[in-house]
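The values are calculated or read from the model by the stated rules, or taken from the named source; none is laboratory data. Here the structure is a predicted model, which means the values were calculated and not measured. Here the Cβ positions follow ideal geometry from the backbone for every residue, glycine too, while neighbour counts run over all protein chains shown.
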Ligand SMILES: [Zn+2]
């Protein structure tokens, strides 16, 4: 699976204090930032039920959430390698849930 091409490397504008270009925010449509993902995390298939995680993910507990009429289990993981916080949703009614990036510790 190819990694997403990143249209803008953000380093340039960060280093010189940041241009306040309005269109810049429009390119960041998928917060939180994911530049820090390690290779293993970047390789996780998102939003696909039963997609595997990777060995450096540490489970940090789970919770029940309502999805309309069904209850699903959401498991929280943190990557020991890069600190990315993941949720894995197990929803038998929906194939298109699974791993999603929540943030970073
Ligand atoms: Zn990672």
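Which of the numbered conditions does residue 37 fail, given that it passes all the others? Conditions: (1) crowded, with 16+ Cβ neighbours inside 10 Å; (2) part of a loop (DSSP other than H, G, I, E, B); (3) in contact with a helix residue (DSSP H, G or I) (Cβ under 9 Å, 6 or more places away or on another chain).
(3)
Restricting to the stretch 68-83, and then to whatever is more than 18 Å from residue 101 (Cα to Cα) and outside any loop (DSSP other than H, G, I, E, B), can you tell me which residue is nearest to the chain's Cα centre (by Cα)? I'd like the intermediate steps shown before the answer.
Narrowing the stretch 68-83 to residues more than 18 Å from residue 101 (Cα to Cα): 68-71.
Okay, now just the ones that are also outside any loop (DSSP other than H, G, I, E, B), so 70-71.
Details: 70: 23, 71: 22 Å.
Restricting to residues being more than 18 Å from residue 101 (Cα to Cα) and outside any loop (DSSP other than H, G, I, E, B), the top hit is 71.
Which one of these is modelled with pLDDT under 95, exposed (fewer than 15 other Cβ atoms within 10 Å of the Cβ) and more than 14 Å from the chain's Cα centre (by Cα): 32, 7, 55?
On the way: 32 fails: more than 14 Å from the chain's Cα centre (by Cα); 55 fails: modelled with pLDDT under 95.
That would be 7, the only listed residue that is modelled with pLDDT under 95, exposed (fewer than 15 other Cβ atoms within 10 Å of the Cβ) and more than 14 Å from the chain's Cα centre (by Cα).
Looking at the stretch 33-54, which of its residues are farther than 11 Å from residue 84 by Cβ and without any contact (Cβ under 8 Å) to a residue 12 or more places away in the chain?
39, 52
Looking at the stretch 35-52, which of the residues that are over 10 Å from residue 99 (Cα atoms), out of contact with any strand residue (DSSP E or B) (no Cβ under 7 Å at 6 or more places or on another chain) and at pLDDT 95 or above is nearest to the ligand (Cβ to nearest atom)?
It comes out as 40.
The conditions are (1) touching a helix residue (DSSP H, G or I) at 6+ places or on another chain (Cβ under 6 Å); (2) touching a residue at least 40 places away in the same chain (Cβ under 8 Å), and residue 81 fails exactly one of them. Which is it?
(1)
Within the stretch 53-78, track down each residue that is within 16 Å of the ligand (Cβ to nearest atom) and out of contact with any strand residue (DSSP E or B) (no Cβ under 9 Å at 6 or more places or on another chain).
Answer for the stretch 53-78, where residues must be within 16 Å of the ligand (Cβ to nearest atom) and out of contact with any strand residue (DSSP E or B) (no Cβ under 9 Å at 6 or more places or on another chain): just 55.
Looking at the stretch 79-104, which of its residues are surrounded by fewer than 11 Cβ atoms within 10 Å (Cβ to Cβ) and touching a strand residue (DSSP E or B) at 6+ places or on another chain (Cβ under 9 Å)? Don't jump to the end; show me each part of the working.
Step one: list which residues in the stretch 79-104 are surrounded by fewer than 11 Cβ atoms within 10 Å (Cβ to Cβ), which gives 92, 96.
Passing the criteria: only 92.
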